[in-house]
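The block underneath contains the structure these notes are about, expressed in structure tokens.
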Ligand SMILES: Nc1ncnc2c1ncn2[C@@H]1O[C@H](COP(=O)(O)OP(=O)(O)O)[C@@H](O)[C@H]1O
Ligand SMILES: [Mg+2]
């Protein structure tokens, strides 16, 4: 019998206690990226220690998604290095220069990093169970029995045990996003990236997804979360970083950044994002 | 206030008989249509039964003739192989076209441009007469380098090879466009999610993107197969013994042209009907996950 102290991801919980260490798991150093004519990232630095939850905020178009996608090598930066667990992502050092990895080497690196998308991106032609067990079986070479067992465990934890046989199209947005989180966790990632996980949801469905993420934070999972939910960021984040126009304009302990922002752009952004009564409650 | 006895306080009527029923007006146009279609069909049946020119006894005699059956077998075989070749070429060319690599995109464009732009009849005859252009087929270094392997083209290019090359390359060009449209219909987020899970590129293509593209690829491909089944009759110009050529050979001897053309037509109709049924089941298979009403929440 497993312990119930960590509702999600109990396997890892025994290895990684909720205590945060000083060792950075993610280190983005001086990341530059252009897309077409636009300079999208302008020398971004960001770190996340093991077990740390970093919330990334900022107006749309600031470059948050691009930064997240550079961390798991869906996109590659033009300049600057991302390290995850001490390993450079997307390139290898050869003869003193950083050379881009091949697509199949990249996929090996991506397998250790979970990502949750704004639009869920479940595979519509596969049942919920197949969505979850496909990658562990194919990439981790797990047997169907092992993968299925973990899938049911995860489905129970996201509260959708009865949906294993359903197809994504017949689920609500909130349910789909919880399945997407279970699918990412099934690969037992070291790091989870969330790109606006509740932005495509009706307001009454956001809480069921945010609750799952909060529980995950309690297990000591390292997470970088792009979100517009300020109250959620306050609850869950250790560190908050605010991006604007391709740069991080403010970063620090979440309480400080979200309650007493120093940069005027942060203040404007927070004022727009928060309903009045929440601002007074700070 | 409950002014109406049939209405309760929540605003819901309980008495269905009080609600006026909506009646459809009589469809005069449809009746005229039925009479017209019925007349035309009666005339066709009457002609088929009474016009001696159809010579149904001759049709019956040749319908299961060994020569005709051999032609049917060749038609089926050629259709199947041409479609498989076309499908494989189509996938490769479509992937090249979408690869983002300028050289591959150029090659894909050039292929589609050439093989879609020249008549199949010309290509068939060209391949069949390849020996005139290249007396020998050789593998080696071009521009006068050493040769590793050589056979005379007249031996290498049979009627079947010529038909396969002519029809297959042309079909590949059309299939490339059909497959490309299918691949583009799949949301970008799908391959992104697959990549993010750590899947290799070929897995992302075969297991995630292509099965979803199939929903858009299967109906026009079914159309292509049915078209190809009949289009193989063009291979009779290079003397390939398929269905059309087999009846041609018979009526050139006995001059029973109309009944033998009917034999061919009946066979084509029969085969196309079977293909249509197969297409229905394949379409059903690839719409998995899309069935049922679209009633999801947010
Ligand atoms: N395909 C693209 N081509 C060119 N520019 C793009 C493309 N996608 C996004 N951008 C630009 O990149 C910038 C950052 O985008 P993104 O990282 O998605 O921002 P965020 O996630 O913070 O809203 C935006 O200014 C956007 O206009
Ligand atoms: Mg974004």
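What follows draws every value from the coordinates through simple rules; no lab data is involved. Only a predicted model underlies this, so the values are computations on that prediction, with no experimental measurement involved. Here the Cβ is made from the backbone with ideal geometry for all residues, glycine too, and neighbour counts use every protein chain on show.
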> Over chain A, what is the relative contact order in whole percent, taking alpha-carbon pairs under 8 Å and six or more residues apart?
Replying inline: 26 percent
> So what's the back-of-envelope 222 nm ellipticity for the protein assembly as shown, counting only DSSP H runs of four-plus at -39500 (n - 2.57) apiece and dividing by all residues, rounded to 500?
Replying inline: -16500 deg cm²/dmol
> Which shape class, rounded, prolate or oblate, goes with the range A:123-282 when its Cα gyration tensor gives a ≥ b ≥ c as root eigenvalues, a/c under 1.5 marks rounded, and past that a/b bigger than b/c marks prolate?
Replying inline: prolate
> Going by the alpha-carbon gyration tensor, a ≥ b ≥ c the square roots of its eigenvalues, is the protein assembly as shown rounded (a/c under 1.5) or, if a/c is not under 1.5, prolate (a/b greater than b/c) versus oblate?
Replying inline: oblate
> Based only on the alpha carbon positions, what is the Kirkwood hydrodynamic radius of the range B:1-139, in angstrom?
Replying inline: 24.2 Å
> Can you give me the relative contact order of chain B as a percent, contacts being Cα pairs under 8 Å and 6 or more apart?
Replying inline: 23 percent
> Of A:102, A:199, A:259, which is the most mobile in a GNM of chain A whose springs link Cα atoms less than 10 angstrom apart?
Replying inline: A:102
> So what is the relative contact order for the range A:46-114, in percent, with contacts set as C-alpha pairs under 8 Å and at least six apart?
Replying inline: 19 percent
>> Please arrange A:117, B:148 by how many other C-beta atoms lie within 10 Å of their C-beta, fewest to most.
In response: B:148, A:117
> Could you give the angle, 0 to 90 degrees to the nearest 10, between helix B:159-184's Cα long axis and the longest principal axis of the Cα atoms of chain B?
Replying inline: 40 degrees
>> Angle check, please: helix B:66-97 long axis (alpha carbons) against the longest principal axis of chain B (alpha carbons), in degrees 0 to 90, nearest 10.
In response: 80 degrees
> If each residue's Cβ is checked for other Cβ atoms within 10 Å, how do B:75, A:266, B:12 rank with the fewest at the top?
Replying inline: B:12, A:266, B:75
> Any number yet on Rg/Rh for chain A, C-alpha, Kirkwood?
Replying inline: 0.96
>> Taking beta carbons within 10 Å but only from partner chains, what does the mean come to for residues A:183-190?
In response: 2
>> What whole-number distance in Å separates the alpha-carbon centres of the range B:40-61 and the range A:169-212?
In response: 67 Å
> Most exposed first by the Cβ proxy, i.e. fewest other Cβ within 10 Å, how do B:277, B:263, B:258, A:54 rank?
Replying inline: B:277, B:258, A:54, B:263
> What nm value, rounded to one decimal, do you get for the distance between residue A:60 and residue B:15 when each label is placed 7 Å out toward the C-beta?
Replying inline: 5.3 nm
> Separation of the range A:85-114 and the range B:210-236 by C-alpha centroid, Å?
Replying inline: 42 Å
> In peptide B:247-260, what is the residue-averaged number of other protein chain Cβ atoms found within 10 Å of each Cβ?
Replying inline: 0
> Is the shape of the range B:223-277 best called rounded, prolate or oblate, per the rule: a/c under 1.5 gives rounded, else a/b larger than b/c gives prolate, else oblate, with a ≥ b ≥ c the square roots of the Cα gyration tensor eigenvalues?
Replying inline: oblate
> If you find the alpha carbon centre of the range A:30-72 and of the range B:145-209, how far apart are they in angstrom?
Replying inline: 38 Å
> When the convex hull of the Cα atoms of the range B:165-253 is projected onto a plane and the area is averaged over all directions, what value comes out in nm²?
Replying inline: 6.9 nm²
